[in-house]
Amino acid sequence: MNTISQIALTVVMFGSLFSVLTLSLNLQYARGGMINFGTVAYFATGAYAYAIVTQEPPHGLDQYLVGLDMPWWAGFIAAGLAAMAFAILTGWPTLRLRGEYLALTTFAFAEMLNSLLVNERGIGNGTVGLANVERPDANILGLSENVVYALAAFLLMLATAYAFRRLLASPYGRAVDAIRDDEVAAQAIGKNIARLRFQVFVISSMPIGFAGALYAMITTLVNPELFTAEVTFFVWIALVLGGERTILGAIIGTMALVGFQEAIRAIPFESVRAAEIAASAEDIVTGILFIVILRWQPFSALARRRQAA
Amino acid sequence: MTRDLLIVDKVRKSFGGLIAVGGDAGLSFSVPEGTFLGLIGPNGAGKSTTFNLISGVLKPTSGAVLLDGRDLSKARASDIASYGLGRTFQTPRAFPSLTVLENVMVGADNQGETLFSVLRGGWRSRETALRDKAGEVLERVGLSDRIDDVVANLSGGELRMLEVARQLVRDPRILLLDEPTAGVDPSLQAKLSRILVDLHSEGRTLVVVEHNLHFLLQIADSIVVLQNGQLLSRGTPSEIKSDEKVIAAYLGADHAA
Ligand SMILES: Nc1ncnc2c1ncn2[C@@H]1O[C@H](COP(=O)(O)OP(=O)(O)OP(=O)(O)O)[C@@H](O)[C@H]1O
Ligand SMILES: [Mg+2]
């Protein structure tokens, strides 16, 4: 029983956290028509910004150069801003590109950031990363820290969903949809497609940065290995799983994927070998699931039916 | 003398070395404010390309387009639209993820489309007025009973009317329509004809490409005839109808008869 509630808590915590990424991707891709294959970079930017702003100045064996020793909320805000800044930097030259070219360049930017984090030790101790990331004292209301962080992740997800919903339900969202549907027709009614897409790209990076900060608080560690392309693929699979276009779909898809992985990880294994087999089975099953869902799109069909009704 | 709202000045456009519009000298014509200009010519004469060059979808290889005295060489299509130019496309374009009503509402120049306005929520009050305005325009083009429909359910003719409505809601100073009657059933055509006559009498400037000359020659007050991307003739409908060159190139024997 204890393990089941433990799993449920983990699913809520990481499911909510990664839902923030899936929701942002949903806004960028399903609504904005932009393929971002570098999602993890904005997440990493947020996590590192949080760690750097909150950690103490370097001493002893530290190789990092900057530690501002500021409170957690300053780090949290900085994480959102840093992710936006990185979106401005990467979006400006690339957003004119179409479809797969944008996918490639965003992917390349993420790889560049990763190797920067590995090689420029002044940022975050290189491969060692930054350990003991500061986090606020979460012992409130007599709840355990994990419950509090799961709650925080859940709230961040709700806030993101609410903000994006508000954006998309407005005339702004209507214009974004129009541009995604038909750029030429949208221009013929005066929509500045470059400006709108850029704005959507930058705005949707902010919650990813916040999620990065929360992730750093939860793991109390940031290092380059945590922020590889695997994270990007993970949220893309979750997005496809949940069916495009709907906020609820993005959340359900992420929760399902995290739940699936946690369930497999929870199986008790007798030997290291069995655990290894299970780990690769997890990858294979995820892959098969991905193909099946791409082929039949059961969730998006469901969403469409709901919309039509 | 009314002043020229639109000037096409020695415009040439080539695709991969082949000159589609303008020949050697370039295509030149002007559209005085308030004119209802018909633009005709055989298939491939360059009518749609000329619209694309005016509206910024394509940029001229050489020459210039001026809207109300402003050189459009550097302007984006969206800028040109916001300067007061409206256009429709030969193949109707719609936004499939929006309803019929939203397809029109999205056309209105909307202050609610800024992030600032989303944050403040101030767009809600304007939205009602916008909805009414879009409803009126849809009524005008005969689509009022399709307001909540998805565009996938519209016929080709209805899509055309929807596109006209999306432009009308913007109150453009000059409106370019590319074959607005193609695929439109006769009752809607009559409606369209009335709308164009009304717009004309409101003082609006219109440029209409049409193969349906019966439709066009009745309501336009000036006609430009293109052939091979070049100006073949320009005149009033009755001058054009009796122009030997035009009859030979385009109208054909059956029209003369
Ligand atoms: N994007 C393009 N690339 C290459 N050639 C083009 C392009 N657009 C137009 N053309 C060529 O330019 C010429 C003029 O085409 P355009 O569509 O403007 O003619 P049109 O007068 O509108 O004809 P229609 O009555 O059939 O609509 C044609 O020879 C066409 O093949
Ligand atoms: Mg044409």
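Within the stretch B:145-179, how many residues turn out to be within 16 Å of ligand 1 (Cβ to nearest atom) and of a type in the set (G, A, S)?
Number of matching residues: 1.
Which members of the stretch B:141-193 meet the condition of being within 16 Å of ligand 2 (Cβ to nearest atom), in contact (Cβ under 8 Å) with a residue 60 or more places away in the chain and not in a helix (DSSP H, G or I)?
Residues satisfying the conditions are B:L176, B:L177, B:D178, B:E179, B:P180, B:A182.
Quick one: would you say B:K47 is surrounded by 19 or more Cβ atoms within 10 Å (Cβ to Cβ), at pLDDT 95 or above, within 16 Å of ligand 2 (Cβ to nearest atom) and more than 15 Å from the chain's Cα centre (by Cα)? Reasoning before the result, please.
On the way: surrounded by 19 or more Cβ atoms within 10 Å (Cβ to Cβ): yes; at pLDDT 95 or above: yes; within 16 Å of ligand 2 (Cβ to nearest atom): yes; more than 15 Å from the chain's Cα centre (by Cα): no.
Against the criterion (surrounded by 19 or more Cβ atoms within 10 Å (Cβ to Cβ), at pLDDT 95 or above, within 16 Å of ligand 2 (Cβ to nearest atom) and more than 15 Å from the chain's Cα centre (by Cα)), B:K47 does not qualify.
Out of the stretch A:172-190, which residues are within 29 Å of the chain's Cα centre (by Cα), facing another protein chain (nearest Cβ under 8 Å) and free of Cβ contacts under 8 Å to residues at least 60 places away in the same chain? Let's see the steps before the verdict.
Filtering the stretch A:172-190 down to residues within 29 Å of the chain's Cα centre (by Cα) leaves A:172-183.
If we keep only those that are facing another protein chain (nearest Cβ under 8 Å) too, we end up with A:172, A:174-175, A:177-178, A:180-182.
Selection gives A:Y172, A:R174, A:A175, A:A178, A:D181, A:D182.
Can you tell me which of (1) more than 12 Å from ligand 1 (Cβ to nearest atom); (2) more than 17 Å from the chain's Cα centre (by Cα); (3) more than 14 Å from chain A (Cβ to nearest Cβ); (4) part of a loop (DSSP other than H, G, I, E, B) is the one B:P96 doesn't meet?
(3)
Could you look through the stretch B:23-44, keep only residues that are surrounded by fewer than 21 Cβ atoms within 10 Å (Cβ to Cβ), within 15 Å of ligand 1 (Cβ to nearest atom) and not aromatic (F, W, Y), and pick out the one that is farthest from the other protein chains (Cβ to nearest Cβ)?
B:G23
Here is a list: A:A161, A:A150. Which entry is closer than 16 Å to A:Q28 by Cβ and more than 14 Å from chain B (Cβ to nearest Cβ)? Talk me through it step by step, then tell me what you get.
Values: A:A150 fails: closer than 16 Å to A:Q28 by Cβ.
Result of the check over A:A161, A:A150: A:A161.
Out of the stretch B:126-182, which residues are over 14 Å from A:I189 (Cα atoms), charged (D, E, K, R) and within 14 Å of chain A (Cβ to nearest Cβ)?
Scanning the stretch B:126-182 gives B:R126, B:E127, B:R131, B:K133, B:D148, B:D149, B:R160, B:D178.
Tally up the residues in the stretch B:50-97 that are more than 16 Å from ligand 2 (Cβ to nearest atom), β-branched (V, I, T) and buried (at least 21 other Cβ atoms within 10 Å of the Cβ), please. Before the answer, list the steps.
First pass over the stretch B:50-97, keeping only residues more than 16 Å from ligand 2 (Cβ to nearest atom): B:56, B:59-86, B:94-97.
Add one more test, that the residue is β-branched (V, I, T), and what stays is B:61, B:65, B:80.
Next, only the ones that are buried (at least 21 other Cβ atoms within 10 Å of the Cβ) stay: B:65, B:80.
Adding up the residues that qualify gives 2.
Among the residues of the stretch B:14-24, is there at least one that is within 23 Å of B:V246 (Cα to Cα), without any contact (Cβ under 8 Å) to a residue 60 or more places away in the chain and more than 16 Å from ligand 2 (Cβ to nearest atom)? Walk me through it before giving the result.
Start the filter on the stretch B:14-24 by keeping residues that are within 23 Å of B:V246 (Cα to Cα), which leaves B:19-24.
Remaining after also requiring without any contact (Cβ under 8 Å) to a residue 60 or more places away in the chain: B:24.
Within this subset, residues satisfying the condition of being more than 16 Å from ligand 2 (Cβ to nearest atom) are B:24.
Yes, some residue in the stretch B:14-24 is within 23 Å of B:V246 (Cα to Cα), without any contact (Cβ under 8 Å) to a residue 60 or more places away in the chain and more than 16 Å from ligand 2 (Cβ to nearest atom).
Please work out which one of (1) of a type in the set (A, V, I, L, M, F, W, C); (2) at pLDDT below 90; (3) surrounded by 18 or more Cβ atoms within 10 Å (Cβ to Cβ) is the condition A:L167 fails and give its number.
(2)
Among the residues of the stretch B:214-224, is there at least one that is in a helix (DSSP H, G or I) and buried (at least 21 other Cβ atoms within 10 Å of the Cβ)?
Start the filter on the stretch B:214-224 by keeping residues that are in a helix (DSSP H, G or I), which leaves B:214-219.
Narrowing the set further to residues that are buried (at least 21 other Cβ atoms within 10 Å of the Cβ) leaves B:216.
Yes, there is a match, as at least one residue in the stretch B:214-224 is in a helix (DSSP H, G or I) and buried (at least 21 other Cβ atoms within 10 Å of the Cβ).
Residue under question is B:V100, and the condition is that it be closer than 30 Å to B:D145 by Cα, of a type in the set (A, V, I, L, M) and surrounded by 21 or more Cβ atoms within 10 Å (Cβ to Cβ); does it hold?
On the way: closer than 30 Å to B:D145 by Cα: yes; of a type in the set (A, V, I, L, M): yes; surrounded by 21 or more Cβ atoms within 10 Å (Cβ to Cβ): yes.
So B:V100 fits the description; yes.
How about the stretch B:1-53: which of its residues are closer than 23 Å to B:D79 by Cα and among the small types (G, A, S)?
Hits for the stretch B:1-53 are B:S28, B:S30, B:G34, B:S48.
Anything in the stretch A:82-104 that is surrounded by 15 or more Cβ atoms within 10 Å (Cβ to Cβ), in contact (Cβ under 8 Å) with a residue 60 or more places away in the chain and outside any loop (DSSP other than H, G, I, E, B)? List them, or say none.
Residues of the stretch A:82-104 surrounded by 15 or more Cβ atoms within 10 Å (Cβ to Cβ): A:82-87, A:90-91, A:94-95, A:97, A:102-104.
Within this subset, residues satisfying the condition of being in contact (Cβ under 8 Å) with a residue 60 or more places away in the chain are A:82-84, A:86-87, A:91, A:95, A:102-104.
Those that are surrounded by 15 or more Cβ atoms within 10 Å (Cβ to Cβ), in contact (Cβ under 8 Å) with a residue 60 or more places away in the chain and outside any loop (DSSP other than H, G, I, E, B): A:A82, A:A83, A:M84, A:F86, A:A87, A:G91, A:L102, A:A103, A:L104.
Can A:A51 be described as surrounded by 14 or more Cβ atoms within 10 Å (Cβ to Cβ) and in contact with a Leu (Cβ under 8 Å, 6 or more places away or on another chain)?
Details: surrounded by 14 or more Cβ atoms within 10 Å (Cβ to Cβ): yes; in contact with a Leu (Cβ under 8 Å, 6 or more places away or on another chain): yes.
It is true that A:A51 is surrounded by 14 or more Cβ atoms within 10 Å (Cβ to Cβ) and in contact with a Leu (Cβ under 8 Å, 6 or more places away or on another chain).
Looking at B:V246, is it within 16 Å of ligand 2 (Cβ to nearest atom) and either closer than 22 Å to B:E33 by Cβ or surrounded by 17 or more Cβ atoms within 10 Å (Cβ to Cβ) (or both)? Before you say what the answer is, go through the steps one by one.
Working: within 16 Å of ligand 2 (Cβ to nearest atom): no; either closer than 22 Å to B:E33 by Cβ or surrounded by 17 or more Cβ atoms within 10 Å (Cβ to Cβ) (or both): yes.
Against the criterion (within 16 Å of ligand 2 (Cβ to nearest atom) and either closer than 22 Å to B:E33 by Cβ or surrounded by 17 or more Cβ atoms within 10 Å (Cβ to Cβ) (or both)), B:V246 does not qualify.
What number of residues in the stretch A:210-236 are under 18 Å from A:F37 (Cβ atoms) and crowded, with 24+ Cβ neighbours inside 10 Å?
4
When B:A108 is evaluated against the numbered criteria (1) more than 7 Å from chain A (Cβ to nearest Cβ); (2) part of a helix (DSSP H, G or I); (3) buried (at least 17 other Cβ atoms within 10 Å of the Cβ); (4) at pLDDT below 95, which criterion, by number, is the only one it fails?
Exception for B:A108: condition (2).
Might you check whether a residue that is more than 14 Å from chain B (Cβ to nearest Cβ), hydrophobic (A, V, I, L, M, F, W, C) and part of a loop (DSSP other than H, G, I, E, B) occurs anywhere in the stretch A:234-242?
Step one: list which residues in the stretch A:234-242 are more than 14 Å from chain B (Cβ to nearest Cβ), which gives A:234-242.
Cutting the leftovers down to hydrophobic (A, V, I, L, M, F, W, C) gives us A:234-241.
Keeping just the survivors that are part of a loop (DSSP other than H, G, I, E, B) gives none.
Within the stretch A:234-242, not a single residue is more than 14 Å from chain B (Cβ to nearest Cβ), hydrophobic (A, V, I, L, M, F, W, C) and part of a loop (DSSP other than H, G, I, E, B).
Look through B:A20, B:A64 and report the one residue that is outside any loop (DSSP other than H, G, I, E, B), touching a strand residue (DSSP E or B) at 6+ places or on another chain (Cβ under 6 Å) and within 11 Å of ligand 1 (Cβ to nearest atom).
B:A20
Scan the stretch B:46-72 and report the pairs whose first residue is within 14 Å of chain A (Cβ to nearest Cβ) and whose second residue is away from ligand 2 (no atom under 13 Å from the Cβ) and of a type in the set (S, T, Y), with Cβ atoms within less than 7 Å and a gap of 6+ or a chain change.
What qualifies is B:L67/B:Y83.
Taking the criterion of being within 16 Å of ligand 1 (Cβ to nearest atom) and in contact with a Leu (Cβ under 9 Å, 6 or more places away or on another chain), would at least one residue in the stretch B:188-208 satisfy it?
So in the stretch B:188-208, the residues within 16 Å of ligand 1 (Cβ to nearest atom) come out as B:207-208.
Still in the running and in contact with a Leu (Cβ under 9 Å, 6 or more places away or on another chain): B:207-208.
The answer is yes, given that some residue of the stretch B:188-208 is within 16 Å of ligand 1 (Cβ to nearest atom) and in contact with a Leu (Cβ under 9 Å, 6 or more places away or on another chain).
Kindly indicate whether B:L119 is more than 10 Å from chain A (Cβ to nearest Cβ) and surrounded by fewer than 23 Cβ atoms within 10 Å (Cβ to Cβ). Can you show your working first?
Working: more than 10 Å from chain A (Cβ to nearest Cβ): no; surrounded by fewer than 23 Cβ atoms within 10 Å (Cβ to Cβ): yes.
No, not satisfied.
Quick check on the stretch B:80-88. Is at least one of its residues within 24 Å of B:R234 (Cα to Cα), within 15 Å of ligand 1 (Cβ to nearest atom) and within 14 Å of chain A (Cβ to nearest Cβ)? Steps first, answer last, please.
The initial filter retains those residues of the stretch B:80-88 that are within 24 Å of B:R234 (Cα to Cα), namely B:85-88.
Those left that are additionally within 15 Å of ligand 1 (Cβ to nearest atom): B:87-88.
Those left that are additionally within 14 Å of chain A (Cβ to nearest Cβ): B:87-88.
Checked against the condition, which is being within 24 Å of B:R234 (Cα to Cα), within 15 Å of ligand 1 (Cβ to nearest atom) and within 14 Å of chain A (Cβ to nearest Cβ), the stretch B:80-88 yields at least one hit.
The values are calculated or read from the model by the stated rules, or taken from the named source; none is laboratory data. Here the structure is a predicted model, which is why all the values come from computation and not from measurement. Every residue, glycine among them, receives a Cβ derived from its backbone with ideal geometry; neighbour counts consider all protein chains shown.
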